[in-house]
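Here's the structure we're looking at; comments come further down.
The values are calculated or read from the model by the stated rules, or taken from the named source; none is laboratory data. In this text, all values refer to a predicted model and were calculated from it rather than measured experimentally. Here the Cβ positions follow ideal geometry from the backbone for every residue, glycine too, while neighbour counts run over all protein chains shown.
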Amino acid sequence: MNGSDALLPRRAGRRRRAERLVLAVAVAGTVFIALGAFWLSFTSLSELARRCGIAPDRAWVWPLIVDGVIVVATVSVVAMSGGGWDRRAVRYAWTLLLAGACISVLANASHAVVAVDARVPSVLAALVAAVPPVVLVAITHLTVELTHLPAPVPAATARAATPVAARGPGRPARVNLLDQGGSVGEALRLRAQTSMTNREIAARLGVHPSTVGRWLKPHRAPALAAAEQPVAERSVTS
């Protein structure tokens, strides 16, 4: 091992520490912005609830319900984005997110129109009031995405996916299906036992859909031959 090879682990360690630091700063920033947007929306919706007849000691519950649906639905949508979930459940999560966002935006805009100063146009007040709930939706989604760690890729899989140019001259780009950390077998099992598409299988395994297609291609011909063999035998006997 030469000197440059010995420095590679140190460089990789420094890069990982820098990435974790940047990620921590980004998450802290998104959480801070989300708290600010939630507080602005909370105060507006609480006052609107009091104006609509809800008792002051219970008016704070209404904004928690409205904006709480946004937070929970956003986390659910991100959690279901990995594939393998029933499509009706995914649509339901999206429906809750859109409904909560629309209700929050309309409620904040309505409060701004009711409580606006006469010197400020109602449209401008409504637009300003609509910013916090919109930011709450976007920043909550971003926060969950930042903290949603992808599944680790086996080293053998990453090595098999390395381009030929990166492997150096004289090294063939040979892919050994046994070196995929069990992913090929899992893809075959999902394809045979479920109705999942290549895209859904790829999302489940954390690979590109074309990779799943390449894994399954060598196994399609034997499967078709096995399926056509009884038909051919019946035609010969008849």
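Taking the condition modelled with pLDDT of 90 or more and farther than 30 Å from Arg204 by Cβ, does Ser122 pass? So Ser122 fails the test. Residue pairs whose Cβ atoms lie under 9 Å apart, sitting 6 or more positions apart in sequence or on different chains, and linking a residue in the stretch 52-63 that is in the same structural domain as Ser110 (by TED's automatic domain parsing) to a partner that is among the acidic types (Asp, Glu) and not in a loop (DSSP other than H, G, I, E, B), are Ala59/Glu47.
Suppose the filter is at pLDDT below 90 and either in contact with a strand residue (DSSP E or B) (Cβ under 8 Å, 6 or more places away or on another chain) or in a helix (DSSP H, G or I) (or both); does Gly29 pass it?
Yes; evaluated as a whole, the condition is true for this residue.
For Leu190, are the conditions met, namely being surrounded by 14 or more Cβ atoms within 10 Å (Cβ to Cβ) and either at pLDDT below 80 or in a helix (DSSP H, G or I) (or both)? For Leu190, the condition - surrounded by 14 or more Cβ atoms within 10 Å (Cβ to Cβ) and either at pLDDT below 80 or in a helix (DSSP H, G or I) (or both) - is met. Scanning for something aliphatic (A, V, I, L, M), surrounded by 13 or more Cβ atoms within 10 Å (Cβ to Cβ) and either part of a helix (DSSP H, G or I) or at pLDDT 90 or above (or both), does the stretch 84-93 turn up at least one residue? Yes - at least one qualifying residue is present in the stretch 84-93.
In the stretch 53-83, which residue that is in a helix (DSSP H, G or I) and touching a Phe, Trp or Tyr at 6+ places or on another chain (Cβ under 7 Å) is farthest from Leu142 (Cα to Cα)? Spell out the reasoning first.
Pass one, the stretch 53-83, residues in a helix (DSSP H, G or I): 61-80.
Narrowing further to those that are touching a Phe, Trp or Tyr at 6+ places or on another chain (Cβ under 7 Å): 63, 67, 77.
Values: Pro63: 22, Asp67: 16, Val77: 12 Å.
By that ranking, first place goes to Pro63.
Inside the stretch 23-60, residues that are hydrophobic (A, V, I, L, M, F, W, C) and loosely packed, with under 10 Cβ neighbours inside 10 Å make up a count of 1.
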